[in-house]
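Structure record follows, encoded as structure tokens.
Here, each number is a calculation from the coordinates, and none is a lab measurement. Just so we're clear, the structure is a prediction, and the values are computed from it rather than from any experiment. Neighbour counts are summed over all protein chains in view; Cβ atoms, including those assigned to glycine, are modelled from backbone coordinates with ideal geometry.
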Amino acid sequence: MVYCFYKFILKMFHCPEEEEVVLKKKPRLGFFKYSCCAGCEFQFIYFQKYIIETLNNFEFVFCKMVTSGGTPEGPFDIALVEGTVTESWQADELKKIRERSTYLFAIGSCAINGGIPAIKSIHPELEVEKRVYHDLSAIHSIRPSAIDAYVHVDGFIMGCPPGERDLYEALTSVLSGKKPDFLEYSVCIECKLQGNICLLVAHNMPCMGPVTNAGCGALCPSYNRGCYSCWGPMRQANALALAKKFRSMGVSSEDIIRKFTLFGSVTTEFRKTAEFYED
Amino acid sequence: MKINIDYIARVEGEGAVKLDIEDGTLKDLKLNIWEPPRFFEGFLCNRSYDEVPDIVARICGICPVSHMTTAIRALEKALGFTPSRDSITLRRVMALSQIVSSHLVHLYMLALPDYHRLCSILDMFSRFESEIKRLNRMKEVVNKVTALFGGRPLHPVSMVVGGFTSLPPRDKIEKIVGELENIKDDAKETLKMVSALPFPDFTYNTEYVAISSPAHYAINGGIIVSQNGIRMEEDEYYSIFEEDEISYSNAKRTVIKGKGSFMVGALARLNLKFNMLHRDAKKAAEEIGFKVPDYNPFHNNLAQAIEIVHGISECRELLEGVHFKKPEIVIKVREGEGIAITEAPRGLLCHHYVLNRRGVVERANIVTPTAHNFLGLEENLKRLVQQYIHEDKEEIALKCEMLVRAYDPCFSCSVH
């Protein structure tokens, strides 16, 4: 599929067939996992319909779930990073990866907005850690954060798990040397396209769709439940306005805080909103 | 001679095996699971009961359905809610589809390259084209089953405390029944392929633990049993099992009190309840000459292949001719406590929650299959190294990695 797409581009711009030789030199790919469920890597190695094309078109320099051997030293044409940064060695390694990579993409909510592991950041660290381990002397966790807190990121393959459309867009962009075109609107747009009745307006259900980035195809509303923002906040979303709407619908302050600290608790958009209802 | 496998490839998550051989004897061996902790049990406190399934799904990218189902069952027990028959059937379908999907990826992509002395599935394309096409066909169908009822194959959205938020129309279910029928032969071929692999000759009889039910091949609940006489309700879990922190590992380790290690997972399930398998799976297992009890942990891969045949046939049967009623979920929030045990693809999974009167989590505990298998795997690694002690360094390292992969550990789950 990726190959066909590439051929199509060549044809469109009347490039001679010899240009295809370029494809023979596969882009060098690195996949790095930090603190997360490894679902992104799983989604990536099992890239549904395009698995053979994906695996065939890249040189896997480092991807532990796929291949033994390999080196994290690079250099990489494309580095994909999943997971929240929760230990200092991850931040150190991340900076090195950045230096050795042409493109660095964050993949999945953990790497992009802190995801579920960042719920920890809304409580005092020690309080949370003590609930899990009696002996914390061998535990070296730092405050969870998204990867762009440490390095410049060239693109965000959003979702939890990452959306196939965005993953496809990122990979084909690297193959064809163009800037990836990611979706920059809310779940509401997709929900309208699906022809769903609005859960927020018609059924009084607190739905996070208006402030959540699109990409899932409005999955939750299509399955008769409110969006819980697993894609994280849409850029510059007016999250506080939605929170106030929830409050007027009778949702408690505690529940509003929970909704805005499930995914994206370390993002400015959601953090500000949660803080408004704290105390 | 020191062997350090710092970052074991082709497993889920991050772990290492470190061993030291002196004068032909093994001095020390440690399974160091260095996957960073995310503190799920810590931040689950103060979250509302209805958020818990979506949160715990993110413990694992391979078995989210298991974590969701186990949490949902534990929370329903805490809230005194009895799920409908339809919900129970659908949860079984979801679990079966996920077990098949997890086993497929593990067998073809993670374990298989070892037996052909290759680094990865990438090296297999030219020689094993038909096998990879077979994997694709099967994986696509089982993912479709999970997605049809759950919304998506990873981190499904429709499974909530109380049941399912939405159900697919009958014609879509019928279509998937047909597709499941079409991959039954692929499942048998997979089993044949796996049975022909050169498994290392290594046997050790340990205590096998699984959940059991007189009605079917138990997955989402039953009594906990072992071949050495354990027989108890899931609520009594803590009376027999004990979880401990280990200085060299972020994952905790669970043992049977006063006894020690045991094994959970596909091989344990077959050893304990082979007779409850779907007739297609029993027949296929007999055809390749598989007999229980089987004490070779490498044969866990074989057991997984048998469960693939079972899962596809049972899923198909469960979905054939059923008519699900439109769900209506009414939950009365109350104070309570609940423990649930299920069979995740990798074995026993335990979730335990204490809720306050507003339905907010006060305490949470999660014990995963890999924590259950931790000590047994470490002990078997020691025995395996002893058996191959005169081989060269690379060979010993490869054998260790192969055994780790045969257990199909999930380090992300085990640390969580």
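Find how many whole Å separate the alpha carbon centroid of region A:202-261 from the alpha carbon centroid of region B:373-416.
46
Short version: ³J(HN,Hα) in whole Hz for each residue of region A:82-91, in order, from phi by Karplus 6.51 cos²θ - 1.76 cosθ + 1.60 (θ = phi - 60°), x for Gly and Pro, what are they?
So the J values, rounded to whole Hz, are 10, x, 7, 7, 10, 9, 5, 4, 5, 5.
Take the residue pairs B:77/B:172; B:30/B:399; A:192/A:245 and return only those whose Cα atoms are more than 25 Å apart.
Result: B:77/B:172 exceed 25 Å.
Taking Cα pairs under 8 Å and at least six residues apart, what relative contact order does region A:28-176 come out at, in percent?
Taking the mean separation of contacting Cα pairs over the length of region A:28-176, I get 26 percent.
Take the alpha carbon gyration tensor of chain A, find the square roots of its eigenvalues, order them as a ≥ b ≥ c, and report rounded if a/c is under 1.5; if not, report prolate when a/b exceeds b/c, else oblate. Walk me through the intermediate numbers first.
Details: a/c = 2.53, a/b = 1.34, b/c = 1.89.
Verdict is oblate for chain A.
What pairs in A:64/B:133; B:27/B:252; B:188/B:282; A:33/A:272; B:27/B:259 have C-alpha atoms more than 18 Å from each other?
Violating the 18 Å Cα-Cα cut-off are A:64/B:133; B:27/B:252; A:33/A:272; B:27/B:259.
Considering only B:347, B:15, B:221, give the residue with the highest GNM mean-square fluctuation for chain B, with springs between Cα atoms whenever their separation is below 10 Å.
In the Gaussian network model the winner is B:221.
Would you mind working out the magnitude of the charge dipole of region A:97-160 relative to its Cα centre, with +1 at each Lys and Arg C-beta and -1 at each Asp and Glu C-beta, to the nearest 20 Debye?
Using only the charged Cβ atoms, the result is roughly 40 debye.
Can you check how the C-alpha radius of gyration of region A:27-94 compares to 2.2 N^0.38 Å, as a plain ratio?
1.10
First obtain the Kirkwood hydrodynamic radius of chain B from its Cα pairs, then insert it into the Stokes-Einstein equation at 25 °C and 0.890 mPa s, and state the resulting D in µm² per second as a whole number.
D = 113 µm²/s.
Quote the charge dipole size of the protein assembly as shown about the Cα centre in Debye, to the nearest 20; the model charges only the Cβ of Lys and Arg (+1) and of Asp and Glu (-1).
Roughly 1560 debye, rounded to the nearest 20.
Shielding of B:95-105 by partners, i.e. mean partner chain Cβ atoms within 10 Å per residue?
What the average comes to for B:95-105 is 1.
In whole angstrom, how long is each semi-axis of the equivalent ellipsoid of the protein assembly as shown, when you take the square root of 5 times every eigenvalue of its Cα gyration tensor and sort them from largest down?
Each semi-axis is √(5λ); the values are 35, 31, 27 Å.
Whose amide H sits under 5 Å from the amide H of residue A:264, counting only residues 5 or more places off or on another chain, with H placed in the peptide plane?
Long-range HN contacts for residue A:264: A:115.
Taking amide H positions as placed in the peptide plane 1.01 Å from N, state which residues far from residue A:234 in sequence (5 or more) or on other chains have amide H under 5 Å from it.
Residues meeting the criterion, in which the H sits 1.01 Å from N, are A:212, A:213.
Given q = 0.13, 0.17, 0.20 Å⁻¹, what are the Debye log10 I(q)/I(0) values for region A:28-176, with equal point scatterers placed on the Cα positions and solvent ignored?
These q points yield log10 I(q)/I(0) values of -0.57, -0.93, -1.22.
In peptide A:68-75, how many Cβ atoms from other protein chains are near each Cβ within 10 Å, on average?
3
Ignoring solvent entirely, what values of log10 I(q)/I(0) come out of the Debye formula for region B:1-144 at 0.17 Å⁻¹ when each Cα is a single scatterer?
-1.08
Cβ neighbours within 10 Å, averaged per peptide: list B:250-257, A:207-214 in order, most packed at the top.
Numbers: B:250-257: 20.6, A:207-214: 26.2.
The peptides rank, most packed first, as A:207-214, B:250-257.
Taking only Cα atoms of region A:187-277, what ratio of Rg to Rh do you get with Rh as the Kirkwood inverse-distance radius?
That ratio equals 0.94.
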